[in-house]
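The values are calculated or read from the model by the stated rules, or taken from the named source; none is laboratory data. Note that the structure is a prediction, hence the values are computed from the model and not measured. In this analysis, Cβ positions are derived from the backbone assuming ideal geometry, glycine residues included, and neighbour counts consider all displayed protein chains. Just so you know, the surface numbers come from the protein's heavy atoms only, side chains and all, with ligands and any DNA or RNA stripped out. Shrake-Rupley method; radii C 1.70, N 1.55, O 1.52, S 1.80 Å.
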Amino acid sequence: MRRTVVNNIVSLDGFYADQSGNPTVLNMDETFDAYNLERLRSAGTVLLGRTSFEGFGAYWPGIADAGEDPSNRALSPHNREISRLYNRIAKVVVSDSLNIPADHPWAATTTVIPRDEAGTWLKQEKQNGTGDILIFGSRVMWNGLLAQGLVDELHLTVSPVALTAGLPLFLRPANLSLLEARPFPGSSNALLRYRPAST
């Protein structure tokens, strides 16, 4: 059976983004990029909410073939590989209103499913194909799936930033079991990998 894996960055005090919804206040350094790449290499499908899809779809498609600029970390080898993987991997977006234009760079690799079908789709998809079903961002969507018992692991990169206010990562109580705590050499970030305690 395929795993459903949530991969998010979070502040030290549990926030997904600041009060304006900006997650880039967190420490998205080279180790963050490298771990995202590690997860994408293990994925067969990327599952996203609408907001995350729109943000990622505007940013990632052109990174792979952008001109050289050694001073721009966004164009690092890790990020170029992330872009190439995103461009070809199957993507599924949970939304009741998203229409993907035919000229969108990800149009041919993206399917949209309604919110009320997400749980049924995920239960079926876990039985088919290969590789993880990977969720980046998309906290509203994955919190709903977590409440239904459909998330197998949460991989949380903890950023050494205390925001004191913002968008909380969790939208309802959750009981988790720690699987791994990993420091990232050369970074103040750390990985905490959890399994929902009921699974």
task = Tell me which residues come under 5 Å, amide H to amide H, from S138 once H is placed; ignore anything under 5 positions away on its chain.
result = G49, S52
request  = Can you find, among A118, P160, N128, the residue farthest towards the positive end of the dipole of segment 87-176? Put +1 on the C-beta of Lys and Arg, -1 on that of Asp and Glu.
outcome  = P160
inquiry  = Give me a comma-separated list of calculated 3J(HN,Hα) values for segment 23-35, in order, Karplus coefficients 6.51, -1.76, 1.60 applied at θ = phi - 60°, integers in Hz, x for any Gly or Pro.
reply    = x, 6, 6, 8, 7, 8, 9, 4, 5, 5, 4, 5, 6
ask   = If each Cα of the chain is one equal point scatterer, what is log10 of I(q)/I(0) from the Debye formula at q = 0.09, 0.11, 0.14 Å⁻¹?
value = -0.33, -0.50, -0.83
Most fluctuating residue given options F15, F136, F184, as computed from a GNM of the chain linking Cα atoms under 10 Å = F184
Local electrostatic count, F56, Cβ distance below 12 Å [Lys/Arg +1, Asp/Glu -1] = +1
ask   = Most fluctuating residue of Y59, Y86, Y16 in a GNM of the chain with Cα springs under 10 Å: which is it?
value = Y59
ask   = Given the options D116, D18, D103, which has the most mean-square fluctuation in a GNM of the chain, springs set between C-alpha atoms less than 10 angstrom apart?
value = D103
task = Would you kindly derive the ³J(HN,Hα) couplings of segment 135-146 from the backbone phi angles with the Karplus curve 6.51 cos²θ - 1.76 cosθ + 1.60 (θ = phi - 60°), listing them in order in whole Hz, with x for Gly and Pro?
result = 10, 9, x, 6, 5, 5, 5, 6, 4, x, 5, 4
task = Excluding H78 itself, calculate the net charge of residues whose Cβ lies under 13 Å from the Cβ of H78, where each Lys or Arg counts +1 and each Asp or Glu counts -1.
result = 0
query = So for the chain: antiparallel DSSP bridges make up what percent, rounded to the nearest 5?
reply = 35
ask   = By the scheme Lys and Arg +1, Asp and Glu -1, what is the net charge of all other residues having a beta-carbon under 12 Å from that of G186?
value = -2
request  = Could you point to the residue in A102, N79, A66 farthest towards the positive end of segment 66-106's charge dipole, with +1 and -1 charges on the Cβ of Lys/Arg and Asp/Glu respectively?
outcome  = N79
ask   = Quick one: with all protein chains in place, what share of the accessible area of the chain is carbon or sulfur, to the nearest percent (1.4 Å probe)?
value = 51
message = Could you work out [θ]222 nm for the chain from helices alone, using -39500 (n - 2.57) per DSSP H run of at least four and dividing by all its residues? Round to the nearest 500 deg cm²/dmol.
response = -7500 deg cm²/dmol
query = With charges set only on the Cβ (+1 for Lys and Arg, -1 for Asp and Glu), what does the dipole of the chain come to about its Cα centre, in debye to the nearest 20?
reply = 560
ask   = Which whole-number value in Å² is the accessible area per residue of segment 7-75, probe 1.4 Å?
value = 47
